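Engineer: Handing you this structure, nothing more for now.
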There are 2 protein chains.
Amino acid sequence: MSKPAASVNLLDQPAETPCCPPMAVQRMEQATALQLAPAFKALGDPVRLQLMSMIASAPGGEICVCDLTPSFEVSGSTISHHLKTLRDAGLVDAERRASWVYYRARPGLMLQLATLLTPAADA
Amino acid sequence: MSKPAASVNLLDQPAETPCCPPMAVQRMEQATALQLAPAFKALGDPVRLQLMSMIASAPGGEICVCDLTPSFEVSGSTISHHLKTLRDAGLVDAERRASWVYYRARPGLMLQLATLLTPAADA
DNA sequence: CATCGGATTCGACGTTTGTCGAAACCGAGG
DNA sequence: CCTCGGTTTCGACAAACGTCGAATCCGATG
């Protein structure tokens, strides 16, 4: 029982069913804020934001850490640490194949965040 | 010359012209990441995320600080500090009228962020 | 099975963040 | 002009963060 099921219901959606309307339409519940804030925080660092964009725009939907690291000034261990932050936030998935680790975006959560930020579509 | 003009070109858009395609479509430039990361960071706290949603969804488009503060457990000075963070990030505007201060959302930047997070719309 | 290279984890560090209470600011009204 | 209520600023402090280098892990390959 170290992982209560209630903490994942917003992150495991099938990517086509945003849980919540845009925040300009309806005030957000505290529980929603508590679950989604870590995702925004994870995107709140320039290195992670660029990492996320490289992963999300990778041809084939995935990219090797070895192709990410050389694009930044910081050390490899720092990149790894940032990737873990993105993983913990539910924004990316990692898979090891042979010596290399490949990352891919989880579009479900991205869509949640995008929907939340969408301005009210009043005509 | 203490404020180079190059630092504001992403935040002062007329709200209907997102500067950048979704990050799933095209890799983000470092300069873009440096300018937009603070906005995501500002949304990366549960209190600020809820504040932002209360402001963005306020009837009439604005809301008084006196209507925000009672909704949270934290002190008034902490709320004020969070509001300043949202202001500095370019997400909200403040206006004083008599004894009260009213906040309203800046939909331009919200749209930028939403666009960036939108999944690639490949058919 | 010893070694190699890619990736993560660990331990440490200076900096930033979230929070509070006290003090200061600023209109309004007596 | 003094006071009052709403808001912001200041100073302080513990916790979290970003970064590094060293150590460790983990497949692959000789």
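Engineer: Could you list, bin by bin from short to long, the percent of Cα-Cα pairs of region B:84-123 in 5 Å steps?
Structural biologist: 6, 20, 20, 18, 13, 8, 7, 5, 3, 1, 1
Engineer: Summing both sides, how much accessible area is buried between A and B? Use a 1.4 Å probe and give Å² to the nearest 100.
Structural biologist: Summing both sides, the interface buries roughly 2900 Å².
Engineer: For region B:21-65, place one equal point scatterer on every Cα, skip the solvent, and apply the Debye formula. What is log10 of I(q)/I(0) at q = 0.13, 0.27, 0.30, 0.32 Å⁻¹?
Structural biologist: Rounded to two decimals, the profile gives -0.45, -0.91, -0.99, -1.05.
Engineer: Sort shortest first the distances from A:P59 to its counterpart in every other copy, using label points 7 Å along the Cα-to-beta-carbon line, and give them in nm.
Structural biologist: 5.5
Engineer: Would you kindly work out, in nm and rounded to one decimal, the distances from the label point of B:L34 to those of the same position in each other copy, ordered shortest first, with label points 7 Å along Cα-to-Cβ?
Structural biologist: Result for B:L34, in nm, nearest copy first: 3.8.
Engineer: So who's got an amide H within less than 5 Å of the one on A:V101, skipping anything under 5 residues away but keeping other chains? H placed 1.01 Å off N, in plane.
Structural biologist: It is A:V65, A:C66, by chain and number.
Engineer: On to the next question. Spelling out what I want: for every residue of region A:48-63, take phi, set θ = phi - 60°, compute 6.51 cos²θ - 1.76 cosθ + 1.60 (Karplus), and round to whole Hz; glycine and proline get x.
Structural biologist: 5, 5, 5, 4, 4, 6, 5, 5, 5, 9, 5, x, x, x, 9, 8
Engineer: Here's something else I'd like to know. Going by a 1.4 Å probe on protein heavy atoms, which residues of region B:98-123 end up with at least 40 Å² less accessible surface in the whole assembly than in their chain alone?
Structural biologist: B:M110, B:A114, B:L117, B:P119
Engineer: Ordering A:Y103, B:Y102 by how much accessible area each has at a 1.4 Å probe, largest first, what is the list?
Structural biologist: So, going from the largest accessible area down, we get B:Y102, A:Y103.
Engineer: So what does A:S80 come to for accessible area, using a 1.4 Å probe and Å² rounded to 10?
Structural biologist: For A:S80, solvent-accessible area is about 60 Å².
Engineer: Counting only the heavy atoms of the protein chains, how much of B:D93 is accessible to a 1.4 Å probe, in Å² to the nearest 10?
Structural biologist: 70
Engineer: Residue by residue, what Karplus-based ³J(HN,Hα) values in Hz, rounded to whole numbers, does region B:34-40 have, using 6.51, -1.76 and 1.60 with θ = phi - 60° and x for Gly and Pro?
Structural biologist: Here the 3J(HN,Hα) series is 5, 7, 8, 4, x, 5, 4 Hz.
Engineer: Treating the beta-carbon of each Lys and Arg as +1 and of each Asp and Glu as -1, no other charges, what is the dipole magnitude of region A:16-83 about its Cα centre, to the nearest 20 debye?
Structural biologist: Its charge dipole is roughly 220 debye.
Engineer: I'd like the carbon and sulfur percentage of the solvent accessible area for region B:25-117, probe radius 1.4 Å, heavy atoms only, ligands and nucleic acids excluded.
Structural biologist: Carbon with sulfur: 50 percent of the solvent-accessible area.
Engineer: Let me ask you something else. How large is Rg over Rh for region B:25-117, taking Rg from the Cα atoms and Rh as the Kirkwood inverse mean of 1/r across Cα pairs?
Structural biologist: Numbers: Rg = 14.0 Å, Rh = 13.9 Å.
Rg/Rh for region B:25-117 comes to 1.01.
Engineer: Let me ask something else about it. Rolling a 1.4 angstrom probe over the protein chains, ignoring ligands and nucleic acids, what is the accessible area of B:L111 in square angstrom, nearest 10?
Structural biologist: We get 40 Å² for B:L111.
Engineer: Another question about this same structure. Gap in Å between the Cα centre of region B:96-116 and the Cα centre of region A:90-123?
Structural biologist: About 25 Å separates the Cα centre of region A:90-123 from the one of region B:96-116.
Engineer: At B:S71, label 7 Å along Cα→Cβ: distances to the other copies, nm, ascending?
Structural biologist: Those label-point separations list as 3.7 nm.
Engineer: Which whole-number percent gives the relative contact order of region B:25-117, counting Cα pairs below 8 Å spaced six or more residues apart?
Structural biologist: 30
The values are calculated or read from the model by the stated rules, or taken from the named source; none is laboratory data. Predicted model, so just to flag it, every value in this text is computed and none were measured. No Cβ is skipped: glycine too gets one built from the backbone with ideal geometry, and neighbour counts run over all protein chains shown. Protein only, heavy atoms only, side chains kept; ligands, DNA and RNA dropped before computing areas. Shrake-Rupley method; radii C 1.70, N 1.55, O 1.52, S 1.80 Å.
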